[in-house]
Amino acid sequence: MKILHVAKGVGSGGVGQVVYDLAYTQKNEGNEVTVLTILKPTQKDNPQLFIEKGINIKVLRIHGSLDITIIPKLKKLFKQFDIVHVHLFPNQLYSAIAWRLLSIKSRPILITTEHNTWNNRRKYNVFKYIDRWFYKYYHSIVSISPETEYQLNNWLHSDLLSKKIITIYNGIDINKYQNPIVTSNLRRELNIKSDTKIIVMVARMTHPKDPITLVKAIPNIPNVEIIFVGNGELTNDIKQTAKDLNIEDRIHILGLRKDVPNILAISDIGCLSTKWDGFGLVAVEYMAAGLPVLVTDVPGLREVVGDSDSLFPYQDYLQLEKKIKEIITNDEKYHEKKIYSLLRCKNFSVKKMTDGYKKLYESLYTSYH
């Protein structure tokens, strides 16, 4: 099959990793795979990992959040493929319009993945009708978790579209996190003592992520430091909050890193504080590394972690502080959480994810050819 993935860049982050894992697996199975990245002028991309694996990369630049000039370009490109797999809005809208403008014989199979339990469009009822319109042109709509599927059905409220929606869990390469290639002594580089506990948060430091709650949770917990991996406008808020709390020396902001498994290997707790999250792939990465996990009690994360004791309410730094203390002061509980993580992560392997998509692709390809 000739497969095209349409993505908003192929940099770091959960969606970018999912696109890479799908494209890499599909290429190894003998398919011709191309990834199209649609970027704003200021947006950076990191296609090298894809290129090194022989995955074709194409780039289109847009001039704003809604740039209709991209539609004829997509229309021309779509004719070359059997399956077009679209990730995220507004790519979903662009792609539906381009597909609709093609002649019936030129139309590829159109698939999209819903990566979040929530988005800002759902604040306004008018967008429900726009979403219904473009979703109806997709042959299949994949949700990354049952909660994502439930929230999407609840939003669209359409029996016709509900029949197209299925769930395929996201997954990761578990082995990469359980057997990291250690290339440096990160504790020494960061000047963190060997007996200091490390809490790590890997995420884009942008809304809806909530790193400030984690910063506020540690001033009264001695011998604990935080490593933030990721960049974004919230890094300035992290620095200012740490300064206000007089804990600047206990906060380490590393920006984007390629050695996340190494960082998790020296950490003691994995945390993800956020207002919402469709799946929380990084929570699975924490678990694969054997870390006890603490995450905000939101749909998506709640079911991935599967343990109510690992949840804290949104922005409730006092509850998070309490849970951190319970884990780091109780060796028996820490060991139990570690074992739980190592067992739980097996439910979300990259093989399970790619096998699910392979079955879907082949079923649709057989039905429409």
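The values are calculated or read from the model by the stated rules, or taken from the named source; none is laboratory data. Bear in mind the structure is a predicted one, so any value in this text is a computation, not a measurement. Note that each Cβ is placed from the backbone with ideal geometry, even for glycine, and that neighbours are counted across all protein chains shown. When the accessible area is computed, the model is the full protein with side chains, heavy atoms only, and any ligands, DNA or RNA have been set aside. Shrake-Rupley method; radii C 1.70, N 1.55, O 1.52, S 1.80 Å.
Are there any pairs, at least 6 apart or on different chains, whose C-beta atoms fall under 7 Å, with the first in segment 201-218 and over 19 Å from Ile247 (Cβ atoms) and the second of a type in the set (Phe, Trp, Tyr), and if so, which?
If the second residue must be of a type in the set (Phe, Trp, Tyr), the pairs left are Pro208/Trp276.
When residues of segment 179-226 are filtered for being within 18 Å of Lys239 (Cα to Cα), open to solvent by 30 Å² or more (accessible area, probe 1.4 Å) and in contact with a strand residue (DSSP E or B) (Cβ under 7 Å, 6 or more places away or on another chain), how many remain?
3
Return yes or no: is Glu285 open to solvent by 40 Å² or more (accessible area, probe 1.4 Å), in contact with a helix residue (DSSP H, G or I) (Cβ under 8 Å, 6 or more places away or on another chain), more than 21 Å from Lys325 (Cβ to Cβ) and not hydroxyl-bearing (Ser, Thr, Tyr)?
no
In segment 227-241, what residues are open to solvent by less than 10 Å² (accessible area, probe 1.4 Å) and either under 20 Å from Leu281 (Cβ atoms) or in a loop (DSSP other than H, G, I, E, B) (or both)?
Of everything in segment 227-241, those that are open to solvent by less than 10 Å² (accessible area, probe 1.4 Å) and either under 20 Å from Leu281 (Cβ atoms) or in a loop (DSSP other than H, G, I, E, B) (or both) turn out to be Ile227, Phe228, Val229, Gly230.
So which of Asn125, Asn116, Asn170 is among the polar types (S, T, N, Q) and without any contact (Cβ under 8 Å) to a residue 12 or more places away in the chain?
Testing whether each residue is among the polar types (S, T, N, Q) and without any contact (Cβ under 8 Å) to a residue 12 or more places away in the chain leaves just Asn125.
Condition check ((1) crowded, with 21+ Cβ neighbours inside 10 Å; (2) among the small types (Gly, Ala, Ser); (3) over 22 Å from His207 (Cβ atoms)) across all residues:
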site	(1), (2), (3)
Gln43	no, no, no
Gln48	no, no, yes
Gly54	no, yes, yes
Leu60	no, no, yes
Lys79	no, no, yes
His85	yes, no, yes
Asn119	no, no, no
Lys128	no, no, yes
Tyr137	no, no, yes
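Quick one: which helices (runs of 4 or more DSSP H) sit completely within segment 288-369 and have at least 3 residues that are over 30 Å from Phe81 (Cβ atoms) and open to solvent by less than 70 Å² (accessible area, probe 1.4 Å)?
Per the criteria, 301-305, 317-328, 331-344.
List the helices (runs of 4 or more DSSP H) inside segment 31-131, counting only whole elements, that have at least 2 residues being more than 23 Å from Gly14 (Cβ to Cβ) and more than 23 Å from the chain's Cα centre (by Cα).
Filter on segment 31-131 gives 70-78, 91-101.
Which one is least open to solvent (accessible area, probe 1.4 Å) among residues in segment 12-33 that are out of contact with any strand residue (DSSP E or B) (no Cβ under 9 Å at 6 or more places or on another chain) and small (Gly, Ala, Ser)?
Gly14
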